[in-house]
1. Spelling out what I want: for every residue of the stretch A:127-133, take phi, set θ = phi - 60°, compute 6.51 cos²θ - 1.76 cosθ + 1.60 (Karplus), and round to whole Hz; glycine and proline get x.
2. Scan the stretch A:107-209 for chymotrypsin sites (Phe, Trp or Tyr not before Pro) in coil per DSSP, keeping those whose Cβ has at most 15 other Cβ atoms within 10 Å, and list them by number.
3. Could you run the Karplus curve 6.51 cos²θ - 1.76 cosθ + 1.60 with θ = phi - 60° over the stretch A:141-158 and give me ³J(HN,Hα) per residue in whole Hz, x for Gly and Pro?
4. Highest mean first, how do A:49-57, B:11-19 rank when packing is the count of other Cβ atoms within 10 Å averaged over residues?
5. Counting C-alpha atoms alone, how compact is the stretch A:41-105: give Rg to one decimal and Dmax as a whole number, in angstrom.
6. Taking θ as phi - 60°, what are the ³J(HN,Hα) couplings along the stretch B:15-31 by the Karplus curve (6.51, -1.76, 1.60), each to the nearest whole Hz, with x for Gly and Pro?
7. So who's got an amide H within less than 5 Å of the one on residue B:16, skipping anything under 5 residues away but keeping other chains? H placed 1.01 Å off N, in plane.
8. Is there a quick way to get the dipole size of chain A? I mean about its Cα centre, with the Cβ of Lys and Arg at +1 and of Asp and Glu at -1; what is the value in debye to the nearest 20?
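No lab work stands behind these numbers, since they all come straight from the coordinates. Because the structure is a prediction, the values reported are computed rather than measured. Note that we place each Cβ from the backbone using ideal geometry, even for glycine, and neighbour counts take in every protein chain shown.
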Amino acid sequence: MSELDAAEGSWTLRVRRWVDRVLPMDNLLPHRQPYYVGSWVYVFGVITIAALAWVVVSGVVLSFMGPQWWHASSLGRFFNSLHFWSVQLFFIFMVLHLWGQYFMAGWRDGRAATWMIGVVIFGTSILTAFTGYLSQQNFDSQFIAINAKDAMNAGGIGAFFNVLNFGQMYGLHVMLLPIGVTFLVVVHIVMVRARGVVKPIGREGGSPS
Amino acid sequence: MDTPAQYFDWSFIHISYPNLLVIGLMLVLFAVALVAPFPHGGDGDV
């Protein structure tokens, strides 16, 4: 077997060629965008990512310092508020991004998976925020947990998702769910970059359906 | 938490004024984003 034949059998070569074909660097890091991207509506998604970055950064600081710090010290309360308000901005701009993509039918021309992953990100984010409210370590989180347990039990998931179990809720909130949201956001962005921004409906080849 | 929000009631709609305000501001922001001029909007490729 020649060296060239051996290289053709290499899985790393096949993966590299596949990545080059599906996601060339010109698409991944473009320096110009089509004219129709010149609208503030396209900024909502980027602001959502920026808010997520602040959520993660402030969350890492909170997890290092602990509940006594974020409740009792002025700097802790600042980071607690930073975490809370960046989450509010994350959800506000995620919903604005959703509205924009809904009205421009962002799932067209092979972008259905991108849309569906966005839906999953939305759902996972709600679960992350919910476990965050349960992790505050104050009367608010106790009130939410006591009331939410009935809804979970009524749904039949109380045995697996016990909102009264602080360790489980905190673990989900600071580990599994943020990793899930961040990973899905990365996949979402890569898929957007692979196919580009959807064209306006009925113009320049954009499909009307 | 000690002072519960006032609620807006209209038919089946029951929503706190803070939540109503946020949704209203989101609608305004969305409308503004549609019509506000975007800097360097005409420099694109296509």
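1. 5, 5, 5, 4, 5, x, 4
2. Values: sites: A:107, A:115, A:122, A:130, A:133, A:139, A:143, A:160, A:161, A:166, A:170, A:183; in loops: A:107, A:160, A:161.
Listed in order of number, the matching sites are A:160.
3. 5, 5, 4, 5, 5, 4, 6, 6, 4, 5, 5, 5, 5, 4, x, x, 10, x
4. Details: A:49-57: 17.4, B:11-19: 9.9.
So the order, starting with the most tightly packed, is A:49-57, B:11-19.
5. Over the stretch A:41-105's Cα set, Rg and Dmax evaluate to 14.5, 47 Å.
6. With coefficients 6.51, -1.76 and 1.60, one gets 9, 6, 4, x, 5, 5, 5, 4, 5, x, 5, 5, 5, 5, 4, 5, 5 Hz.
7. B:8
8. Details: 13 positive and 9 negative charges, 76 e Å.
Dipole size: approximately 360 debye.
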